[in-house]
1. Considering only helices (runs of 4 or more DSSP H) fully contained in region 339-408, which possess at least 1 residues that are over 16 Å from the mean Cα position of the chain (by Cα) and at pLDDT 95 or above?
2. Since I41 meets every condition but one in (1) surrounded by 22 or more Cβ atoms within 10 Å (Cβ to Cβ); (2) without any contact (Cβ under 8 Å) to a residue 12 or more places away in the chain, which condition does it not meet?
3. Please indicate, with yes or no, whether at least one residue in region 297-317 is within 13 Å of the ligand (Cβ to nearest atom) and within 15 Å of the chain's Cα centre (by Cα).
4. Every residue in region 166-183 that is surrounded by 18 or more Cβ atoms within 10 Å (Cβ to Cβ) and part of a helix (DSSP H, G or I), please.
5. Can you confirm whether region 360-376 contains a residue that is touching a Pro at 6+ places or on another chain (Cβ under 6 Å) and touching a residue at least 60 places away in the same chain (Cβ under 8 Å)?
6. Going by the structure shown, is V331 at pLDDT 95 or above, out of contact with any Lys or Arg (no Cβ under 8 Å at 6 or more places or on another chain) and either more than 18 Å from H246 (Cα to Cα) or charged (D, E, K, R) (or both)?
7. Is there a residue in region 204-214 that is in contact with a Phe, Trp or Tyr (Cβ under 9 Å, 6 or more places away or on another chain), within 25 Å of G92 (Cβ to Cβ) and not small (G, A, S)?
8. Identify the residue in region 266-289 that is among the β-branched types (V, I, T) and surrounded by 17 or more Cβ atoms within 10 Å (Cβ to Cβ) and, among all such residues, is nearest to H246 (Cα to Cα).
Amino acid sequence: MRLVPSWPRSIDDFRPMVSNTAINELQKLAWRLQGLKVLHINATEYGGGVAELLLTQVPLMDDLGLQAHWAVIDADEAFFEITKSVHNAFQGNKDIKWDSTMEEHYFETLRGNLDSMPTGYDVVIVHDPQPMALPVLLGERRKEVGKHWIWRCHIDCADPHPDVWGFVRQFLEPYDAMVFTMKEFVQPDVPADRVLVSAPSIDPTSPKNSALEAVTVQDICRQYHIDVRRPFITQVSRFDPWKDPHGVVRAYQIVKEKFPDVQLLLAGSLAHDDPEGMGIFNEIVSSCTDDRDVYVVSNLQQVGNTTINCFQRAADVVIQKSLREGFGLTVSEAAWKGKPVIGGRAGGITLQIEDGRTGFLVDSVEECAARTIELLEDPERSRTMGETGRELVREQFLTTRELTDWVSLFADVAGS
Ligand code: UDP
């Protein structure tokens, strides 16, 4: 296990976007917990939503007077293949073949992390299934690492594979609290008195989400050969079957019959803990080679946070056509930029899109295409929806709200 370095951030940077009252309340809550030592543990420091959240929240917890650290587990590719199966099984894939060899490699990898775990924390937050068994494996040594343990599940686990859920269910016991994004994700055998429902959030001050000059947006898009004068739609997501990138391409092809000059960009970071990514990336690239208006890019093409910010700002419509979704930070990211979002009617996306007011929830490729056409035909309606969506994000999905949930939970589990 290794610690991830962080750099200083200030909660005061949020004052232009969030009410002073909300920030003062947060500071007041945190004041009671000065010096509380908090450790976050997850699987990767790069790629995907959890890394995105921790990058912001760990230094802000420090700024609020806590002592927050972030550690990632050491694991090999076979481990991430197994935990991606767990992820897929959580999201409802019932075809996963789960066996004892997978269980053994999962345990062996986590056991290999025990001796390098930092110690002396008040609260340890374990994110998602990859490191979930750590407190069970630590046994009595658990208290040396942390006095209180919280499991944060970011995945849509409303309908999990029963064998895989049965396997992970046994790891819940040592946790003082479990945090889920929606109440629908809480399985009936999870102890209800230890559950908190809290949605993730985006950082409006980060390079991914902060305001940019129009000229910067145009320049960066030009570097990727995107013509901002022509209709432009995008989906920003890992290359993962649940994000349905093939469905997005099919929807785009229908839109193209009506808008022949429309362009599509699929941008996806190839996350360290997501071994499926490269295969799907290659599949999409080869299925679109004949169409010069489809751009498929990733961190391999130097697509970083500011570039994603530009793509989301340049788009006329942002799509997040997931079939299952824990939350989908990309929805709030796009709405914050004043974009109407078309999202699959799945998990956390339904929290973030008010159907018909801030975008549309869709159930099929055809519906996704029809709604995209509707928005491209009516820029004024798109603008109004985008503005309404931005206010929804301001109220519910900015970092300060999530930090308030965290600090309140720390006060509950660690007491005064
Ligand atoms: N992301 C990125 N570059 C990409 C694709 C995605 O930085 O090429 C970011 C995206 O902007 C978002 C995060 O990765 O902040 C993905 O989080 P989300 O909750 O949408 O999905 P997850 O990957 O966690 O399933």
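The values are calculated or read from the model by the stated rules, or taken from the named source; none is laboratory data. The shown structure was predicted, so the numbers you read here are calculated from the model rather than taken from an experiment. Cβ atoms come from the backbone with ideal geometry, glycine included; neighbour counts cover every protein chain shown.
1. 365-377, 379-396
2. (2)
3. Yes, region 297-317 contains a residue that is within 13 Å of the ligand (Cβ to nearest atom) and within 15 Å of the chain's Cα centre (by Cα).
4. Of everything in region 166-183, those that are surrounded by 18 or more Cβ atoms within 10 Å (Cβ to Cβ) and part of a helix (DSSP H, G or I) turn out to be F167, V168.
5. Within region 360-376 (the criterion being touching a Pro at 6+ places or on another chain (Cβ under 6 Å) and touching a residue at least 60 places away in the same chain (Cβ under 8 Å)), the answer is yes, since at least one residue qualifies.
6. It is true that V331 is at pLDDT 95 or above, out of contact with any Lys or Arg (no Cβ under 8 Å at 6 or more places or on another chain) and either more than 18 Å from H246 (Cα to Cα) or charged (D, E, K, R) (or both).
7. Start the filter on region 204-214 by keeping residues that are in contact with a Phe, Trp or Tyr (Cβ under 9 Å, 6 or more places away or on another chain), which leaves 204-205, 209.
Those left that are additionally within 25 Å of G92 (Cβ to Cβ): none.
So far as region 204-214 goes, no, none of its residues is in contact with a Phe, Trp or Tyr (Cβ under 9 Å, 6 or more places away or on another chain), within 25 Å of G92 (Cβ to Cβ) and not small (G, A, S).
8. Going through the qualifying residues, I end up with I284.
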